[in-house]
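These notes are about the structure you will find just below.
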Amino acid sequence: MEALQNLLHGFAIGLTPSILVYAFIGCVIGTLVGMLPGVGPLAGISLLLPATFGLNPVVGIILLAGVYYGAMYGGSTTSILMRIPGEAASVMTCVDGYAMTQQGRAGPALAIAAIGSFVAGTVSTVGLMFLAPALAEFALRFGPPEYAALLLFGIFMLAYMSTSSMSKMLAMAVVGLLLGMIGIDAMTGHTRFTFGVVSLGDGVGIVPVVVGLFGLSEILLTATDNAKARPAKPSLSQLMPTRQDLLESVAPIARGSLLGFLIGTIPGSAHVISSFISYGVEKKLSAHPERFGKGAIEGVAGPESANNAAATGAFVPMLALGIPTGPITAVMLAALIVHGITPGPTLIQEQPTLFWGFVASMYIGNVVLLILNLPMIGLFVNLLRIPYSYLYPCIICFCLVGVYCVQNNVVDVWITLVAGIAGYGLRKLGYDVAPIALGLVLAPMLELSVRQSLAMSAGTYSIFIERPIALTLILALALLIALATRPFRSLSGWRKSAGLMSE
Amino acid sequence: MLLLALFVLWQNLSYPLGNLAEPGAGFVPLFLGLALAAVSMVIIFGGGSSRSLKVIGWAEAPRVVLILAAFAGAAFALERVGYRLTIFGLLVFLIGVVERKPVIPTATAAIGFSALTYFVFVHLLEVQLPRGPWGL
């Protein structure tokens, strides 16, 4: 009952004209970001971050959230029409979505993707509304040892759930944590790893690193890939799915929503992983698995629902614990900090307007996106006709100006360049660079928690096993490491079947 | 990666480690350096299953170098010649020189984009952008 009252308060905020306008702008930008190759949701949010500095924090976070879940919707369009995933979570949609386009059924595929995304987004917002406050209340019992254990568990979970090798993921996470060590040590005032560059005293910012690793490196990787494909442009009348399509999609959408939300709350590139797992589950449960890959509508409905639900699920630990589960929520946390809001378990109590306004805006955003992604699909498809040779120079300019604007500091632009080169090289060599961004954000929290824990225990590590919550997390961490080692690989065979194991 | 770990450990020698009850500035970086060295060794010894550098295609490399050079040039010029001239120059180089597009579309895109984004960022979003010696 209290939640519903709070939600009504949230709608009173979310339905004010200024919030509606910014939620709409966020959804439109997100849809574009999701559609255009070369700009993922992460780079999109990072580039938009400086534009939120002059805004009210509630408006700013709603705008950025709109970009995030808008990208999840938009990513499906290029996947279905052109077999180009606008962002990583849409990779699985390419398989059956594009096969449907080749069969002249692009309309129903787009419609089911939009309907599935809408249902999943709405259902998972209900989950966020009830789960986040409960989790925040529980997290009030957390002290430094619990936080240290939770952060370590999160990093290992990210590595375990990844599509890349676990050792490579852990290496990337450690590189990110090391980057987070640059700057003045908060506890002793020592300057570390700055090599005389004064600007590095405040540490390496998340935005230049993220824009370099994801935005600039993506452009470098696609430098020869001047896609000449002309997308199909379905009319509104062609969008209507048949009764059979709807019947076949109901269960995958429901399963994808639940699965996606649960996976979203776990650290990792949740929206990407959830779509892989959902596709695997649907194929396994189908009476005709041979249809998958040849235009099965379940192969569109499940993954599209899952990646949208995961996008919302990722906000649960971010808002309830103040802990990002991936680089996107890490940038959004940075946005909160810039606005003077301290993330953590007390955020929901101290900033009810922000939390409930945010929840309400997600309901509104899902309706906006459904409207954007069905009747206006033709308009968005026209944007895909802009030649890539004109598009990517403009994206590079946005990277440059977006990074510079954060602190009006040209050092950040140089950091972006270095991160872009590193991201290009690492991605060519098969490394997933997402853990670098996550490590960078988690580093100060992890270091402070570990050092405070040791100080509390007068220098004994037993503090991590004497407290029940910390012990549980440490045991879960040990289980993950055990499952990842060779003798236990057979127990984690689900990763292989879900397409999560490359080696 | 191993070299990076060794470099971190070497650099970390200059920071105090403290003790367990009162960890110093070098305490956590030491653990991270050791962790990176350990994981790097695992990757090196497990490297037999990875693709060799020759198998990975590098066809885009010449264009990558040009794009990076353009970006570095823009970073150098941004505060010296101002936002609009930098963006104009960057777009002319990338569209006209790298992509070899005709002069008129290149100039239109470069002038239009630099002027429009300047207007949006400075006048609508009230973001400060550097101006050059001629107020551009």
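The values are calculated or read from the model by the stated rules, or taken from the named source; none is laboratory data. This is a predicted model, so every value here is computed, not measured. Using ideal geometry, Cβ is built from the backbone for each residue, glycine included, and neighbour counts are taken over all protein chains shown.
One table, with the values for the structure above:
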read-out	value
Top-ranked residue in the range A:181-194 [being within 9 Å of chain B (Cβ to nearest Cβ) and not in a strand (DSSP E or B); ranked as farthest from B:E22 (Cα to Cα)]	A:F193
Any hit, the range B:86-93, residues being assigned by TED's automatic domain parsing to the domain that holds B:S114, at positive phi and either among the small types (G, A, S) or out of contact with any Cys (no Cβ under 8 Å at 6 or more places or on another chain) (or both)	no
Test: A:G459 is within 11 Å of another protein chain (Cβ to nearest Cβ), in a helix (DSSP H, G or I) and without any contact (Cβ under 8 Å) to a residue 12 or more places away in the chain	no
Which listed residue, of B:A72, B:A109, B:A21, is at the interface with another protein chain (Cβ under 9 Å from one of its Cβ atoms) and within 18 Å of A:A223 (Cα to Cα)	B:A72
Helices (runs of 4 or more DSSP H) contained in the range B:61-136 and holding at least 2 residues within 13 Å of A:C397 (Cα to Cα), among the hydroxyl-bearing types (S, T, Y) and in contact (Cβ under 8 Å) with a residue 12 or more places away in the chain	B:83-91, B:103-118
Selection count where residues are surrounded by fewer than 20 Cβ atoms within 10 Å (Cβ to Cβ) and more than 22 Å from the chain's Cα centre (by Cα), scope the range A:143-166	1
Test for A:V331: is it surrounded by 21 or more Cβ atoms within 10 Å (Cβ to Cβ) and touching a helix residue (DSSP H, G or I) at 6+ places or on another chain (Cβ under 8 Å)	yes
Evaluation of A:E350 against (1) under 30 Å from A:V433 (Cβ atoms); (2) without any contact (Cβ under 8 Å) to a residue 12 or more places away in the chain (one fails), failing number	(1)
Filtered residue count, the range A:251-289, keeping only those that are more than 19 Å from A:A65 (Cβ to Cβ), of a type in the set (A, V, I, L, M) and within 12 Å of the chain's Cα centre (by Cα)	2
Selected residue (only one of A:R427, A:R467, A:R451 is basic (K, R), farther than 27 Å from B:V64 by Cα and more than 9 Å from chain B (Cβ to nearest Cβ))	A:R467
Residue, modelled with the lowest pLDDT, within the range A:423-457, restricted to residues that are buried (at least 19 other Cβ atoms within 10 Å of the Cβ), of a type in the set (G, A, S) and farther than 14 Å from A:L170 by Cβ	A:A437
Long-range neighbours under 6 Å by Cβ, at least six apart or interchain, first residue at negative phi within the range A:106-135, second acidic (D, E)	A:P108/A:D245; A:A113/A:E304; A:G116/A:E304; A:S117/A:E304
Filter result (within 18 Å of A:V210 (Cα to Cα), more than 8 Å from chain B (Cβ to nearest Cβ) and assigned to a helix (DSSP H, G or I)) within the range A:162-180	A:M169, A:M172, A:A173, A:G176, A:L179
Unmet requirement for B:K54, which otherwise passes all of (1) outside any helix (DSSP H, G or I); (2) over 19 Å from A:L440 (Cα atoms); (3) modelled with pLDDT of 85 or more	(3)
